[in-house]
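Notes follow once the structure below has been shown.
The values are calculated or read from the model by the stated rules, or taken from the named source; none is laboratory data. Since this is a predicted model, take the numbers as computed values, not measurements. Don't worry about glycine lacking a Cβ; one is built from the backbone with ideal geometry, like all the others, and counts go over all protein chains shown.
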Number of protein chains: 2
Amino acid sequence: MTDTLADLLDLAWQRLALGVADRNAPARYPVLATLGADGWPAARTVVLRAAQRIAGVLEIHTDTRSAKVASLHADPRAEIVIWDPAVALQMRLRAEVAVLTGSAAAPAWADVPDVARGNYGSLPAPGTPIPTPLAYEKAGEAGRFAVLRAQIVAIDLLHIGPAHRRARFRRADGWTGEWLAP
Amino acid sequence: MTDTLADLLDLAWQRLALGVADRNAPARYPVLATLGADGWPAARTVVLRAAQRIAGVLEIHTDTRSAKVASLHADPRAEIVIWDPAVALQMRLRAEVAVLTGSAAAPAWADVPDVARGNYGSLPAPGTPIPTPLAYEKAGEAGRFAVLRAQIVAIDLLHIGPAHRRARFRRADGWTGEWLAP
C-alpha cells in the first residue's frame with residue numbers, strides 16, 4: 001500500500017478525505033503551524049473541513065479575530081501536520097493560506113449548522129483575558145467567520161512500519177514525488 | 001477538575017507525565033513547531049521522553065542531522081502542541097529549546113534501548129533524497145544523538161466541554177495563570 005510513490009500519496013488523500021467525512025478520524029484534527037505575529041512559531045489544533053485533491057486545497061474554519069488569522073494576514077506560510085495512527089502515517093503539508101471572509105466565506109457559512117455558529121463570534125474576542133472562566137458569550141456572527149483556504153505546495157509523508165518509508169511531493173513537480181531517507 | 005486555574009494546570013501536567021510513561025497516551029506524540037531554516041514554519045510529530053514540572057522542561061530525542069536541529073540552532077523558539085481527546089484538553093507549550101549533544105546527551109543515550117538506537121544515525125542523513133524507498137541504513141551512533149531540552153515559558157490550555165475553558169500560564173508570573181475567552 002506504500003510501496004510506490006503513487007500509492008503513498010493516494011493513501012494520504014484517502015485519509016484526508018476520511019478526516020473531512022468522519023469526526024472520529026485522526027485527520028479530522030490537524031495541527032496548523034504558522035509564524036506568530038510576535039515572531040514565535042505558533043501551532044494549534046484545528047478541524048479539517050474540506051480536502052480537495054485536484055485543487056490541492058485544504059480548508060479550515062475559524063473566527064476572524066483569532067490569533068491565527070492575524071498570523072496568516074502577516075505571513076501566509078503554514079505547515080499542517082497530521083499523525084494518523086490507524087495507518088501509521090505522518091502527513092506534513094506545506095501550504096500558503098488565504099483568509100476568506102465576507103462574501104467569499106458566505107457559501108461555507110451557509111453550511112455551518114446553527115448549533116456550531118456560536119463558535120464564530122464569542123465575546124470578548126478569542127484570547128482576551130477574562131475574570132472568570134465562563135465570562136464570555138457565544139454569539140454566532142457571519143461577519144466573524146473566516147475560511148482558511150490552504151493551497152498545498154509540498155507534502156512530506158512518513159510511513160512507520162517494520163521499515164520506515166518517507167517521500168516528498170511538490171506541486172511544482174506535478175506531485176511526482178521522491179523518496180527520502182527517514 | 002478544570003474549575004480553577006490550579007486544577008487545569010495540574011491536569012495538563014498529569015497528562016504530560018502519562019505521555020512519558022505510557023506509549024499509548026495521547027501526550028506521547030506532541031507536534032513540535034519551529035521556525036524553519038528556509039523561513040517557513042515547520043512542524044512534525046515527535047515522541048515525548050521527559051516532562052519535569054518543577055523545572056518546567058520537556059524533552060525530545062532526535063538525530064543531530066535532522067532539519068529540526070538546524071531550525072533550533074538558528075532560532076530556539078518553539079511551540080509544542082498536544083490534543084488529548086481522553087480529557088478533551090488542548091495543550092500549547094511555548095518553549096525555548098536547547099540542543100544537547102555529546103557528553104550533555106550521554107546520560108539519555110545510555111537509557112536508549114539497543115533496538116531504538118538505530119533511529120539516531122541513519123545513512124544517508126534524514127531528508128536526503130534516495131532512489132528507492134529502503135535505500136538507507138539504520139546505524140545507531142551516539143555522536144548523532146541529540147536531546148532537545150524545551151524550557152517552557154508559557155502554557156495555553158483549552159478544555160473543551162459543554163462550556164469551553166481556556167487559560168494561559170506564564171513562567172515569568174510563577175505560573176499563576178489567567179482565564180482567556182476561548
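Out of (1) within 12 Å of chain A (Cβ to nearest Cβ); (2) in a strand (DSSP E or B), what's the single condition that is false for B:A163?
(2)
Inside the range B:136-146, can you point out the residues that are surrounded by fewer than 21 Cβ atoms within 10 Å (Cβ to Cβ) and either part of a strand (DSSP E or B) or of a type in the set (K, R) (or both)? Spell out how you get there, then give the answer.
Looking only at the range B:136-146, we keep the residues that are surrounded by fewer than 21 Cβ atoms within 10 Å (Cβ to Cβ), and these are B:137-143.
Selection gives B:E137, B:K138.
Could you pull out the residue among A:H73, A:H61 that is part of a helix (DSSP H, G or I), more than 14 Å from chain B (Cβ to nearest Cβ) and not hydrophobic (A, V, I, L, M, F, W, C)?
Answer to the check: A:H73.
Kindly check whether there is at least one residue in the range A:168-179 that is out of contact with any Asp or Glu (no Cβ under 9 Å at 6 or more places or on another chain), polar (S, T, N, Q) and over 30 Å from B:G177 (Cα atoms).
Going residue by residue through the range A:168-179, those that are out of contact with any Asp or Glu (no Cβ under 9 Å at 6 or more places or on another chain) are A:171-179.
With the extra rule that they be polar (S, T, N, Q), the set shrinks to A:176.
Subsequent filtering for residues that are over 30 Å from B:G177 (Cα atoms) retains A:176.
Within the range A:168-179, one or more residues are out of contact with any Asp or Glu (no Cβ under 9 Å at 6 or more places or on another chain), polar (S, T, N, Q) and over 30 Å from B:G177 (Cα atoms).
Can you tell me which condition B:A142 does not meet? The list is (1) under 30 Å from A:K138 (Cβ atoms); (2) in contact with a helix residue (DSSP H, G or I) (Cβ under 8 Å, 6 or more places away or on another chain); (3) more than 10 Å from every other protein chain (Cβ to nearest Cβ), and all the others hold.
Every condition holds for B:A142 apart from (1).
For B:R94, all conditions in the list (1) within 14 Å of chain A (Cβ to nearest Cβ); (2) of a type in the set (K, R); (3) more than 18 Å from the chain's Cα centre (by Cα) hold save one; what is the number of the exception?
Among (1) within 14 Å of chain A (Cβ to nearest Cβ); (2) of a type in the set (K, R); (3) more than 18 Å from the chain's Cα centre (by Cα), the lone unmet condition for B:R94 is (3).
Could you check, for the range A:33-51, whether at least one of its residues is under 24 Å from A:W175 (Cα atoms) and either without any contact (Cβ under 8 Å) to a residue 12 or more places away in the chain or part of a helix (DSSP H, G or I) (or both)?
Step one: list which residues in the range A:33-51 are under 24 Å from A:W175 (Cα atoms), which gives A:33-34, A:48-51.
Right, trim to either without any contact (Cβ under 8 Å) to a residue 12 or more places away in the chain or part of a helix (DSSP H, G or I) (or both) and you get none.
The answer is no, given that none of the residues of the range A:33-51 is under 24 Å from A:W175 (Cα atoms) and either without any contact (Cβ under 8 Å) to a residue 12 or more places away in the chain or part of a helix (DSSP H, G or I) (or both).
Take the range B:78-135 and flag every residue that is out of contact with any Gly (no Cβ under 7 Å at 6 or more places or on another chain), free of Cβ contacts under 8 Å to residues at least 24 places away in the same chain and part of a loop (DSSP other than H, G, I, E, B).
Once the filter is applied, which keeps residues that are out of contact with any Gly (no Cβ under 7 Å at 6 or more places or on another chain), free of Cβ contacts under 8 Å to residues at least 24 places away in the same chain and part of a loop (DSSP other than H, G, I, E, B), the range B:78-135 yields B:D111, B:P113, B:P124, B:T128, B:P131, B:T132, B:P133, B:L134, B:A135.
Those residues that are in contact with a helix residue (DSSP H, G or I) (Cβ under 7 Å, 6 or more places away or on another chain) and at pLDDT 95 or above, I need them from the range A:37-57; list them, please.
Filtering the range A:37-57 down to residues in contact with a helix residue (DSSP H, G or I) (Cβ under 7 Å, 6 or more places away or on another chain) leaves A:37, A:42, A:44, A:47-51, A:53, A:56.
Within the range A:37-57, A:A42, A:R44, A:V47, A:L48, A:R49, A:A50, A:A51, A:R53, A:G56 qualify.
From the set of residues in the range A:24-46 that are more than 7 Å from chain B (Cβ to nearest Cβ) and surrounded by 24 or more Cβ atoms within 10 Å (Cβ to Cβ), which is farthest from B:L158 (Cα to Cα)? Break it down stepwise before answering.
Initial filter on the range A:24-46 (more than 7 Å from chain B (Cβ to nearest Cβ)): A:24-28, A:30, A:32, A:36-39, A:46.
Filter once more, so that each one left must be surrounded by 24 or more Cβ atoms within 10 Å (Cβ to Cβ): A:27, A:30, A:32.
On the way: A:A27: 20, A:P30: 16, A:L32: 16 Å.
Applying the filter and picking the extreme gives A:A27.
Any idea which residue in the range A:120-139 is modelled with the lowest pLDDT, counting only those that are more than 9 Å from chain B (Cβ to nearest Cβ) and within 22 Å of the chain's Cα centre (by Cα)?
Checked the range A:120-139; the qualifying residue modelled with the lowest pLDDT is A:G121.
Looking only at residues in the range B:147-160 that are touching a His at 6+ places or on another chain (Cβ under 8 Å) and away from chain A (no Cβ under 12 Å), which one is surrounded by the fewest Cβ atoms within 10 Å (Cβ to Cβ)? I'd like the intermediate steps shown before the answer.
Going residue by residue through the range B:147-160, those that are touching a His at 6+ places or on another chain (Cβ under 8 Å) are B:147-148, B:158.
Still in the list and also away from chain A (no Cβ under 12 Å): B:147-148.
Details: B:V147: 21, B:L148: 26.
Result: B:V147.
Can you find even one residue in the range B:165-176 that is surrounded by fewer than 21 Cβ atoms within 10 Å (Cβ to Cβ), of a type in the set (G, A, S) and touching a helix residue (DSSP H, G or I) at 6+ places or on another chain (Cβ under 9 Å)?
The answer is no; no qualifying residue exists.
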